[in-house]
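Asker: Below you will find the structure I want to go over with you.
The values are calculated or read from the model by the stated rules, or taken from the named source; none is laboratory data. Quick caveat: nothing in here was measured; it's all calculated off a predicted structure. When we count neighbours, we look across all protein chains shown, and the Cβ atoms used for this are built from the backbone with ideal geometry, even at glycine. Accessible surface is based on the protein model in full, side chains and every heavy atom, while ligands, DNA and RNA are left aside. Shrake-Rupley method; radii C 1.70, N 1.55, O 1.52, S 1.80 Å.
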Amino acid sequence: MAYLLRFLLITMVSGILLTAGVALGWFPIPFGHIQLAIPTFLFTIFIQAFVMFYFIGVARLVENVWNALHSEANLSELFDSPPSDLEPYKKKVARFVHETQLSKRQTIPWTMLMLILGTIAFLLGGAHDTGLVSKVVHSGVAYGFFAAMMIGFFRQWHYLGKSHILLGDLKGLFGISRDAM
């Protein structure tokens, strides 16, 4: 899943760069930047929602495992035959909980900032097209969106890799195949 999300992030950044390049006159293509901005921003919303829910889902899975270990009621979901000493498992899963919470804290605010600035830039683009705001206002917010997108892209890229490894370690801890859901 992390590889799919990374591919989608690269596609998103490529679309935004193409849209900005057309707006700045760098790429002479038959479409204007307004025609490119509509599907590109819709795609950006989709990808950012997908990435955000991935991090939320990974954190929720790890919390569920942590809760199962501490309640000791549903240990059959984790083990074929539960061991008598659960402390090594609890210790490792506690570290996983911390890492997934960190991943969420480091990526979701940038996702939200991207979505907010992108929406404002998109709306200000329409306002500029109708003559309600100057080009400088629309461009300034678009540059802010681009800066937030690049910071968010690198954070998401990094933490997608860490979460992918963490999921593999979690599955390995309980003897589950890395290919299993």
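Asker: Pick from Ala20, Ala73, Ala94 the residue whose mean-square fluctuation is largest in a GNM of the chain, springs joining Cα atoms under 10 Å.
Answerer: Ala73
Asker: When all protein chains stay in place, what accessible area (Å², nearest 10, 1.4 Å probe) is found for Ser81?
Answerer: About 90 Å², rounded to the nearest 10.
Asker: Under a Cβ-Cβ cut-off of 14 Å, what is the net charge of the residues other than Met52 that fall near it, where Lys and Arg count +1 and Asp and Glu count -1?
Answerer: That works out to +4.
Asker: Given charges of +1 on the Cβ of Lys and Arg and -1 on the Cβ of Asp and Glu, with all other atoms neutral, how large is the dipole of segment 1-104 about its Cα centre, in debye to the nearest 20?
Answerer: Charge dipole, segment 1-104, about its Cα centre: 380 debye, nearest 20.
Asker: Taking the Cβ of Pro83 as the center, what net charge do the other residues with Cβ under 14 Å away carry, scoring Lys and Arg +1 and Asp and Glu -1?
Answerer: It works out to a net charge of -1.
Asker: Let me ask you something else. Among Gly21, Gly144, Gly125, determine the one that fluctuates most according to a GNM of the chain built with springs between C-alpha atoms less than 10 Å apart.
Answerer: Of Gly21, Gly144, Gly125, the Gaussian network model singles out Gly21 as fluctuating most.
Asker: Taking only DSSP H segments of four or more residues, each worth -39500 (n - 2.57), what value at 222 nm results for the chain once the sum is divided by all its residues, to the nearest 500 deg cm²/dmol?
Answerer: -29000 deg cm²/dmol
Asker: Between Met150 and Ser71, what's the calculated FRET efficiency when r is the beta-carbon distance and R0 is 30 Å? Round to 0.05.
Answerer: Computed FRET efficiency for Met150 and Ser71 comes out at 0.10.
Asker: As an exercise, use a Förster radius of 35 Å and the Cβ-Cβ distance of Thr11 and Leu86 to find the FRET efficiency, rounded to the nearest 0.05.
Answerer: For Thr11 and Leu86, the calculated efficiency is 0.25.
Asker: Any lysines with Cα under 28 Å of the Lys104 Cα? List them, leaving off those in the same chain fewer than 8 positions away.
Answerer: Result set, ordered by chain and number: Lys90, Lys91, Lys92, Lys162, Lys171.
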